[in-house]
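Each remark here refers to the structure printed beneath this line.
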């Protein structure tokens with residue numbers, strides 16, 4: 001297999017270690033030391049195109065400072081003090097304000113909304129007055145969705161939809177769920193309610209999952225333990241049925257869209273048309289290889305027409321709704337991977353493709369809107385490099401006319417002003433911890449708001465490099481990141497920990513601070529380990545062919561790319577090939593277990609967290625997209641079922657799971673544990689976090705990574 005090392009931007013990116021750095025990270029600092037990451041500006045946001053604000057200190061007091069953009073510098077324009085807001089609250093008989101409020105968001109140039117005492121208020125900075133917007137009752141109003149244009153609020157109580165204190169639906173519960181995310185939050189679905197532009201009509205999901213098999217999540221606090229039954233649709237079994245309702249706030253009427261048969265379909269990317277007359281839904285078949293963009297009449301619920309269809313022999317995955325043009329209400333922007341990369345297309349409401357808006361062997365990451373004259377629009381993309389993020393201006397009439405606005409090599413997180421006249425650029429790279437600046441549309445640097453020094457400058461750190469290796473197909477670049485141990489000596493041999501994910505929708509390596517890693521990687525470098533990660537095929541932001549290469553064989557091709565990384569490591573004279581460990585969570589836990597059992601002897605130690613073991617027990621939406629059903633792809637399921645390789649396990653494997661995991665069911669690792677016991681293999685160790693879901697959070701995460709680290713220290717050092 002051909003292996004080459006390409007130096008990113010012609011250099012090996014080193015995380016430099018200055019003389020005199022001698023502090024060592026504690027585990028608590030490595031996992032929960034948020035103060036050791038480059039800090040930003042609290043509540044930084046635009047007021048209008050010419051002003052921005054953030055929390056600042058003035059004469060020893062925290063204030064909401066408002067700055068004006070000038071041609072040569074940024075000047076403090078005015079500010080709002082806590083006492084100003086409190087005075088307005090007290091004038092309407094509300095409680096006092098001990099500190100500046102949370103959730104400050106500018107609604108217009110005159111003022112902002114804020115959250116206080118479980119309520120939302122509006123502060124007018126011109127009149128210094130406060131008015132109440134809505135009461136928010138966290139105990140009763142889950143999944144709250146507020147239409148700020150009208151101050152209408154939709155929320156869920158006991159699986160029923162409520163709006164403005166009125167109960168809209170009555171049959172929620174016992175398998176019927178309203179106004180919550182459906183389809184296991186796939187297809188970019190993050191919520192279950194969608195307000196029209198004016199905020200007077202609401203589209204909402206209704207999900208009937210009564211036909212879906214129940215699964216128990218055990219609660220250990222009761223005596224004896226009780227079980228909370230969840231509905232979990234596993235690959236090849238029955239799926240839930242979803243419909244979409246429309247609630248008219250003014251008439252209080254509900255109309256359901258006639259989305260038709262079959263009932264097992266995915267209703268994704270719900271979008272309101274202009275003027276609130278139509279709703280558009282990207283309907284995907286259960287096989288996930290066919291999408292119809294359909295139009296529905298809001299007043300009657302009737303199906304109007306299909307604008308266009310998209311098909312692919314592998315899968316289609318719409319993840320973005322329609323963005324309508326302000327000047328031409330019958331035209332909208334559509335995201336698609338149809339040419340192999342995520343790009344933007346201009347359509348009209350008759351379903352006619354007008355033109356491609358972006359094109360090239362790179363991904364559109366974000367769409368920021370149009371220029372003031374509507375002749376161009378702004379995007380964030382990977383055009384310079386898959387591991388970079390840059391801001392571009394693209395001609396609306398000619399996709400070939402594209403201009404890069406950001407200049408520094410790295411990751412630019414962009415916040416546009418309301419009309420895209422200026423941009424806040426939150427920048428980071430492997431050598432610049434963080435710099436926040438204001439840019440004009442021409443790329444001119446209007447002013448630097450904050451430049452952050454290295455927060456780890458007092459710590460002894462390992463050198464880091466980012467580079468590329470060539471996959472075994474002889475053509476595909478695979479990005480890797482490597483941390484060397486502190487006090488590195490090329491004449492010595494060091495143990496290695498490979499950290500991986502290597503699944504869809506994730507990218508581990510970026511040109512940003514720490515290369516996209518967290519401080520645990522540096523902690524391990526301080527303990528004398530080489531820490532290595534490679535984004536193999538199947539990972540995100542490299543185009544459809546790269547991510548979909550794992551289709552119908554999740555686990556197999558990814559191992560090949562991880563082994564490319566292993567061969568590179570073994571070629572380094574300072575790597576001890578007899579002391580190699582591997583660790584990952586979720587898909588990374590699946591890959592860890594795969595490599596420990598399907599490529600036995602490659603790694604001496606593994607730690608697998610929340611692993612998928614048998615894809616037949618994972619959810620329909622994700623699994624059938626990448627694997628088809630078990631009936632359609634029996635060999636793929638068999639070859640990548642890790643229960644079939646339990647007796648092949650060599651070395652020590654620690655498997656960890658959350659007892660409340662509703663993503664990768666606890667059953668996965670329990671089945672593996674049982675099969676391991678039956679096989680008589682004593683190499684498996686097992687640990688459970690009883691009260692945690694898929695990820696172990698809070699301070700228990702410190703405990704988790706101490707356990708992971710101790711395992712590598714015990715068996716590799």
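Put simply, of 244, 279, 254, 284 the only residue that is buried (at least 20 other Cβ atoms within 10 Å of the Cβ), closer than 26 Å to residue 165 by Cα and touching a residue at least 60 places away in the same chain (Cβ under 8 Å) is 279.
In the set 627, 655, which member is under 30 Å from residue 316 (Cα atoms) and surrounded by 21 or more Cβ atoms within 10 Å (Cβ to Cβ)? Break it down into steps so the answer makes sense when it comes.
On the way: 655 fails: under 30 Å from residue 316 (Cα atoms).
Exactly one of 627, 655 is under 30 Å from residue 316 (Cα atoms) and surrounded by 21 or more Cβ atoms within 10 Å (Cβ to Cβ), namely 627.
Among the numbered conditions (1) more than 28 Å from residue 270 (Cβ to Cβ); (2) at pLDDT 95 or above, the only one that residue 358 does not meet is (1). The set of residues from segment 196-236 being in contact with a helix residue (DSSP H, G or I) (Cβ under 7 Å, 6 or more places away or on another chain) and exposed (fewer than 15 other Cβ atoms within 10 Å of the Cβ) comprises 197, 198. Only one of 711, 622, 705 is out of contact with any helix residue (DSSP H, G or I) (no Cβ under 8 Å at 6 or more places or on another chain) and surrounded by 15 or more Cβ atoms within 10 Å (Cβ to Cβ). Can you tell me which? Selected residue: 711, the only one of 711, 622, 705 that is out of contact with any helix residue (DSSP H, G or I) (no Cβ under 8 Å at 6 or more places or on another chain) and surrounded by 15 or more Cβ atoms within 10 Å (Cβ to Cβ).
Does residue 629 satisfy the condition of being touching a helix residue (DSSP H, G or I) at 6+ places or on another chain (Cβ under 7 Å), under 18 Å from residue 233 (Cα atoms), outside any strand (DSSP E or B) and in contact (Cβ under 8 Å) with a residue 24 or more places away in the chain?
no
Candidates in segment 44-75 are the residues that are assigned to a strand (DSSP E or B), out of contact with any helix residue (DSSP H, G or I) (no Cβ under 9 Å at 6 or more places or on another chain) and farther than 18 Å from residue 112 by Cα; of these, the one that is modelled with the lowest pLDDT is 74.
Take residues that are more than 28 Å from residue 49 (Cα to Cα) and tell me which of the strands (runs of 3 or more DSSP E) falling wholly in segment 335-403 contain 1 or more. Can you show your working first?
Working: elements: 343-348, 353-356, 364-370, 376-381, 390-395.
Ranges flagged: 343-348, 353-356.
Please verify whether residue 317 is closer than 22 Å to residue 626 by Cβ and surrounded by fewer than 15 Cβ atoms within 10 Å (Cβ to Cβ), treating the condition exactly as stated.
no
Listed by first and then second residue, the pairs with beta-carbon distance under 7 Å, at least 6 apart or on different chains, first residue in segment 696-709 and without any contact (Cβ under 8 Å) to a residue 40 or more places away in the chain, second assigned to a loop (DSSP other than H, G, I, E, B), are 700/692.
Of the residues in segment 167-177, not one is under 17 Å from residue 280 (Cα atoms) and assigned to a strand (DSSP E or B). Taking segment 520-541 as the range and being buried (at least 24 other Cβ atoms within 10 Å of the Cβ) and under 20 Å from the mean Cα position of the chain (by Cα) as the test, the residues that pass are 533, 534, 535, 536, 538, 539.
Is there a residue being closer than 17 Å to residue 590 by Cβ, assigned to a loop (DSSP other than H, G, I, E, B) and touching a helix residue (DSSP H, G or I) at 6+ places or on another chain (Cβ under 8 Å) anywhere in segment 520-529? Lay out the reasoning, then the answer.
Within segment 520-529, the first condition is being closer than 17 Å to residue 590 by Cβ, and the residues that meet it are none.
No, segment 520-529 contains no residue that is closer than 17 Å to residue 590 by Cβ, assigned to a loop (DSSP other than H, G, I, E, B) and touching a helix residue (DSSP H, G or I) at 6+ places or on another chain (Cβ under 8 Å).
Number of residues in segment 573-595 that are out of contact with any strand residue (DSSP E or B) (no Cβ under 8 Å at 6 or more places or on another chain), surrounded by 24 or more Cβ atoms within 10 Å (Cβ to Cβ) and either free of Cβ contacts under 8 Å to residues at least 24 places away in the same chain or over 25 Å from residue 363 (Cβ atoms) (or both): the value is 1. Sub-8 Å Cβ pairs linking a first residue in segment 561-572 that is without any contact (Cβ under 8 Å) to a residue 24 or more places away in the chain and in the same structural domain as residue 498 (by TED's automatic domain parsing) to a second residue that is surrounded by fewer than 17 Cβ atoms within 10 Å (Cβ to Cβ) and assigned to a helix (DSSP H, G or I), at least 6 apart or interchain, number zero.
Count, please, the residues in segment 76-105 that happen to be in contact (Cβ under 8 Å) with a residue 24 or more places away in the chain and not in a strand (DSSP E or B).
As a first pass, look at segment 76-105 and keep what is in contact (Cβ under 8 Å) with a residue 24 or more places away in the chain: 77-78, 80, 84-85, 87-89, 91-92, 94, 99-100, 104-105.
Now restrict to residues that are not in a strand (DSSP E or B): 84-85, 87-89, 91-92, 94, 99-100.
Number of matching residues: 10.
Entry remark, segment 491-519: residues being in contact with a helix residue (DSSP H, G or I) (Cβ under 7 Å, 6 or more places away or on another chain) and either surrounded by fewer than 20 Cβ atoms within 10 Å (Cβ to Cβ) or modelled with pLDDT under 95 (or both) number 1 in total.
The values are calculated or read from the model by the stated rules, or taken from the named source; none is laboratory data. Owing to the predicted nature of the structure, the values given are computational and were not obtained by experimental measurement. Cβ sites come from the backbone with ideal geometry, for glycine too, and all protein chains shown count toward neighbours.
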